[in-house]
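Student: Would you mind keeping the following structure in view while I ask a few things?
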Amino acid sequence: MTPLLEVCVDSLASARAAIAGGADRLELCSALAVGGLSPYAELLRQIRAEAPSIPVRCLMRPRPGDFLYEPEEIELLCAQMPALRRAGADGFVIGALTPDGELDRPAVRKMMAAAGAGAAFTLHRAIDVSRDPLKTYRDAAALGFDTVLTSGAAASCREGTAQLEALLAERDRGQGPEVLIGAGVNETVIRALRGRLPAARAFHMSGKTERESRMAFRRTGVPMGLPGLDEWHIQQTSEEAVRAARRALDASFA
């Protein structure tokens, strides 16, 4: 049973911090402040130039909001995936739902085909807003996902422990996809969940901290995006947060 620590990053600086802190794998995206969107191939190339061997899975999400995608949005994702694969992606983090909250299997199959042979796949947190997470997990297994990222259908993984326990049991019964626990993961949460859920072995975190902008001149009252977003504090992965999580995870398996 090998532990896995995946870190979600949206910049070269965050990737550097995650790798230095001991991440086993990166999930690469853009716009983490809105939950993550599809990343830039050029950013992946920058990361690959410095870290050619670390596994990288790219989140494929065309916009913020729900996971009910229009046909043209699926086509956009399918068009982006080959370019990301050529830039160095080992796999993709994908998902789509029907209006009734079921996994949209035709859309998922189309994305898997677009990724090309040999790509690995994580089902993203669409499972957490699906009608029946256990059924969605089984559907993901049937489609060929090797990993399912989930908070246990809750706002945070600590609130979703009952559902996580059921998903872990389902994994072990059928040798299903790895259950990658996310949403609020840090050193303390890993210790707590490993105590309550000893079958848990894979965790996903961003380890975000705020870096003060270097801007000396700051015009206030002119937001560049959603109300409340602060342009003068930039979210970035903390190497120390990742290292602390790594220590906690390794210690729980010692």
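Student: Given the options 218, 246, 211, name the one that is at pLDDT below 95 and touching a strand residue (DSSP E or B) at 6+ places or on another chain (Cβ under 7 Å).
Tutor: The unique qualifying residue is 211.
Student: Tally time: how many residues in segment 170-187 are part of a helix (DSSP H, G or I) and open to solvent by 40 Å² or more (accessible area, probe 1.4 Å)?
Tutor: Residues that pass the stated criteria total 4.
Student: Can I ask one more? Give 55, 62 a once-over and let me know the one that is open to solvent by 20 Å² or more (accessible area, probe 1.4 Å), closer than 20 Å to residue 130 by Cβ, within 19 Å of the chain's Cα centre (by Cα) and not charged (D, E, K, R).
Tutor: Being open to solvent by 20 Å² or more (accessible area, probe 1.4 Å), closer than 20 Å to residue 130 by Cβ, within 19 Å of the chain's Cα centre (by Cα) and not charged (D, E, K, R) holds for just one of 55, 62, which is 62.
Student: Restricting to segment 188-204, count the residues that are assigned to a helix (DSSP H, G or I) and of a type outside the set (Val, Ile, Thr).
Tutor: Selection size over segment 188-204: 6.
Student: Does segment 26-35 contain any residue that is in contact with a Lys or Arg (Cβ under 6 Å, 6 or more places away or on another chain) and either over 20 Å from residue 238 (Cα atoms) or crowded, with 23+ Cβ neighbours inside 10 Å (or both)?
Tutor: Checked against the condition, which is being in contact with a Lys or Arg (Cβ under 6 Å, 6 or more places away or on another chain) and either over 20 Å from residue 238 (Cα atoms) or crowded, with 23+ Cβ neighbours inside 10 Å (or both), segment 26-35 yields at least one hit.
Student: A follow-up question, please. Could you grab me the full set of residues in segment 13-30 that are outside any strand (DSSP E or B) and farther than 18 Å from residue 211 by Cα?
Tutor: Selection gives 19, 22, 23, 24, 29.
Student: Still on this structure, I have one more. Specify the residue that is surrounded by the fewest Cβ atoms within 10 Å (Cβ to Cβ); the eligible residues are those in segment 128-151 that are in a loop (DSSP other than H, G, I, E, B) and in contact with a Pro (Cβ under 8 Å, 6 or more places away or on another chain).
Tutor: Top of the filtered list is 146.
Student: So, residue 166, is that one touching a Leu at 6+ places or on another chain (Cβ under 7 Å) and surrounded by 18 or more Cβ atoms within 10 Å (Cβ to Cβ) or not?
Tutor: In short, no.
Student: Check segment 194-206 and report whether any residue there is over 23 Å from residue 128 (Cα atoms), open to solvent by less than 70 Å² (accessible area, probe 1.4 Å) and not hydrophobic (A, V, I, L, M, F, W, C).
Tutor: The answer is no; no qualifying residue exists.
Student: Could I ask something else about it? Cβ-Cβ distance below 6 Å, separation of 6 or more or different chains: which pairs start in segment 76-101 with a residue that is touching a residue at least 40 places away in the same chain (Cβ under 8 Å) and end on one that is outside any helix (DSSP H, G or I) and among the polar types (S, T, N, Q)?
Tutor: 80/38; 93/122
Student: Has segment 108-127 got at least one residue that is in contact with a Ser or Thr (Cβ under 8 Å, 6 or more places away or on another chain), open to solvent by 10 Å² or more (accessible area, probe 1.4 Å) and not in a helix (DSSP H, G or I)?
Tutor: So far as segment 108-127 goes, yes, one or more of its residues are in contact with a Ser or Thr (Cβ under 8 Å, 6 or more places away or on another chain), open to solvent by 10 Å² or more (accessible area, probe 1.4 Å) and not in a helix (DSSP H, G or I).
Student: Now a separate question. Please determine whether any residue of segment 74-84 is within 20 Å of residue 6 (Cα to Cα), aliphatic (A, V, I, L, M) and open to solvent by less than 10 Å² (accessible area, probe 1.4 Å).
Tutor: yes
Student: A further question follows. Go through segment 216-238 and give me each residue that's among the β-branched types (Val, Ile, Thr) and either under 30 Å from residue 21 (Cα atoms) or surrounded by 12 or more Cβ atoms within 10 Å (Cβ to Cβ) (or both).
Tutor: Passing the criteria: 234, 237.
Student: While we're on this one: Filter segment 89-107 down to the residues that are open to solvent by 20 Å² or more (accessible area, probe 1.4 Å) and farther than 14 Å from residue 122 by Cβ and list them by number.
Tutor: 98, 99, 100, 102, 104, 105, 106
Student: Cβ contacts < 6 Å: first residue within 15 Å of residue 18 (Cβ to Cβ), restricted to segment 50-66; second residue part of a loop (DSSP other than H, G, I, E, B), any location; separation 6+ or different chain. Result?
Tutor: Going by the 6 Å Cβ cut-off, the qualifying pairs are 55/90; 56/89; 56/90; 58/39; 58/89; 59/29; 59/36.
The values are calculated or read from the model by the stated rules, or taken from the named source; none is laboratory data. As the structure is a prediction and not an experimental result, all values here were calculated from the model. Positions of Cβ are backbone-derived with ideal geometry, glycine not excepted, and every protein chain shown enters the neighbour counts. The accessibility values were calculated without ligands, DNA or RNA, using every heavy atom of the protein model including side chains. Shrake-Rupley method; radii C 1.70, N 1.55, O 1.52, S 1.80 Å.
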